[in-house]
Amino acid sequence: MEQEQREFEEFYAAARDACLRVVLISVGDQWRAEDLVAEAFTRAWMSWPKVREHPAPRAWVVRTALNTHVSWWRRHRREVALGSHDTAAAAGRYPGLDSSLVAALRRLPARQREVIVLRLVLDLDTATTAQTLGMPSGTVASHLHRGLAALRRDVPAPDEQERIR
Amino acid sequence: MNDTALSAAVRSHLTEVHDSLSTVHLDIPASEIVARARKRRVRRRQSALAGAAGIAACAALAVAALLPGSGTDSSTGQARLAAWTVAKQPDGSVMITLHAVRHPARLQQTLRADGIPAKVSVNRQEVENSLDVPGCHVYPLGPPDGAAGGTPEALWQKVFYGPHMNVRSDTFWVYPSAIPHERGVVIVIHYGPDKLSNDYRNYPVGTDLGYGVDSYSLYLVNATPKCTGS
């Protein structure tokens with residue numbers, strides 16, 4: 001048990017900031033992101049024998065945090081679409097969080113957002129993403145394609161963004 | 001721009017944003033996370049014991065229901081199981097309190113017996129699109145004017161909460177008089193992906209444990225025999 005706890009603490013020390021930043025990009029509110037990530041790590045420790053064997057334990061934590069976020073919103077807002085009012089404070093401090101692309105990412109359906117975060121931010125391959133999300137690889141590819149298509153619709157092309165900046 | 005180029009551009013932008021957050025740190029010590037998990041385990045064990053007691057009580061109730069002159073008391077307009085309570089109110093509404101994901105079919109039957117065109121569905125949270133309720137056309141909570149086939153928020157409030165504000169998270173109402181013509185209600189009870197084992201089935205709805213039932217969603221739907229029974 002002590003050995004396991006040491007392992008977990010090492011994992012936590014190495015992964016906590018990176019996981020927090022990824023979740024912060026996805027939810028926009030720093031305090032909520034901290035709560036979600038702390039909760040996800042709590043669950044990770046409770047399921048440590050399973051999580052330590054996972055091909056991407058950080059992805060497990062991020063995914064659990066994002067799922068908890070969906071659950072929180074369901075409980076409190078009951079299907080009201082994810083709003084932007086809770087993102088203002090963090091966006092003020094971290095201007096990157098306010099970019100049109102990040103805002104569009106937050107508007108994506110949860111599955112598409114998760115796939116984009118795992119594939120493009122955590123840089124997981126399709127197979128590991130599929131395993132983390134419990135879906136076939138083909139579904140990952142299809143969510144990625146649809147998510148990118150939605151971002152393309154919502155956000156000006158990067159070269160236009162460059163001009164805007 | 002094709003998917004490969006677009007995904008490279010998106011990756012590069014998100015990486016830039018990620019890197020710009022280098023001053024963001026999670027300051028919670030590992031010992032606090034471990035302590036939190038320990039408390040959670042204790043609560044889980046306590047709830048599992050309480051759940052076992054609930055099952056015993058439920059079994060006793062089921063036996064009692066088979067005996068003449070006992071069981072669910074329709075004279076008080078109450079149907080009560082360990083998993084949920086349905087209580088008719090003097091103003092014609094029905095108050096529903098969800099305790100656990102059990103006996104959804106009986107909950108549906110009880111609501112229909114009270115004249116509410118209703119469907120009760122249970123949904124693993126992994127199945128993201130809870131709007132996909134087989135046999136039903138769901139009107140999601142939509143913009144205030146109800147455009148694009150949605151349910152205006154004011155109507156949703158009127159049907160499921162009436163005048164009630166700041167209520168317990170495990171309780172809602174159905175006001176049959178507020179349900180529009182040819183519409184019914186769908187209640188989707190969600191439980192998370194970690195709750196597949198029997199250990200987790202008895203957690204109460206609305207608790208903030210993150211185990212057992214996580215939440216529920218309430219929708220208006222087209223009332224049809226296949227969806228809402230009438």
Checklist line | Hits among lysines - C-alpha to C-alpha of B:LYS39 under 25 Å, sequence gap 8 or more where chains match | finding: A:LYS50, B:LYS195
Notebook entry, point to check: Whose amide H sits under 5 Å from the amide H of B:LEU141, counting only residues 5 or more places off or on another chain, with H placed in the peptide plane?
Noted result: B:THR151
Next item on the list: Any lysines with Cα under 28 Å of the B:LYS88 Cα? List them, leaving off those in the same chain fewer than 8 positions away.
Entry: B:LYS119, B:LYS158, B:LYS226
Check: Can you pull the accessible area of A:ASP98 for me, 1.4 Å probe, Å² to the nearest 10?
Finding: 110 Å²
Checklist line | Accessible heavy-atom area order of B:HIS164, B:HIS137, B:HIS190, highest first, probe of 1.4 Å | finding: B:HIS137, B:HIS164, B:HIS190
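The values are calculated or read from the model by the stated rules, or taken from the named source; none is laboratory data. Bear in mind that the values here come from a model prediction, so they are computed numbers and not experimental data. Surface accessibility is based on the protein's heavy atoms, side chains included, excluding ligands, DNA and RNA. Shrake-Rupley method; radii C 1.70, N 1.55, O 1.52, S 1.80 Å.
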